[in-house]
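Novice: Before we start, here is the structure in question, set down as structure tokens.
Where a number appears in this text, it was derived from the coordinates with a stated rule and is not lab data. Bear in mind that the values here come from a model prediction, so they are computed numbers and not experimental data.
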Amino acid sequence: MGKCCNCHKIKVRSDEEYRALINRLNRIEGQIRGIKGMVEKSAYCPDILVQVAAVNAALNAFNKELLAEHIKSCVADDIRNGNDSTVDELVVTLQKLMK
């Protein structure tokens, strides 16, 4: 299993995991383009805000999926291999996500 989460580490993902993450990101990218189009067409502010809330929910779902996979693979593997510093790294990551 590959390493992950730090700029000096990488994560080797299965084809299925890769496709699922990319599909989510593509949908989010489409939502962002839609919001941009709404602004360009002077859409009503509450309508835009509803779409922004939908993007935030989609990003949160992406984060949950990625974080769950990280814990199940990288963190669990490192702990099994005696690398407890991964727990500290996970705590820092969670703190950043909760800002």
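Novice: How many lysine pairs does the chain hold where the Cα atoms are under 18 Å apart and the two sit 8 or more places apart or on different chains?
Specialist: Numbers: LYS3/LYS11; LYS3/LYS72; LYS9/LYS72; LYS11/LYS64; LYS11/LYS72; LYS64/LYS72; LYS64/LYS96; LYS64/LYS99.
Qualifying lysine pairs in the chain: 8.
Novice: Counting only complete DSSP H runs, which helices of the chain cover 30 Å or more along their long axis at the Cα atoms and score a mean Kyte-Doolittle of -0.5 or above?
Specialist: Span-like helices in the chain: 45-70.
Novice: Grab the Cα-Cα distance for ALA57 and ILE32, subtract it from 0.36 nm times how many residues apart they are, and report the gain in nm with one decimal.
Specialist: 7.7 nm
Novice: Kindly give the semi-axes, whole Å and largest first, of the ellipsoid equivalent to region 15-97, taking each as the square root of 5 times a Cα gyration tensor eigenvalue.
Specialist: 35, 15, 7
Novice: Separate question: Pairs of alpha-carbon atoms within less than 8 angstrom and 6+ residues apart define the contacts here; what relative contact order does region 15-97 have, in percent?
Specialist: 25 percent
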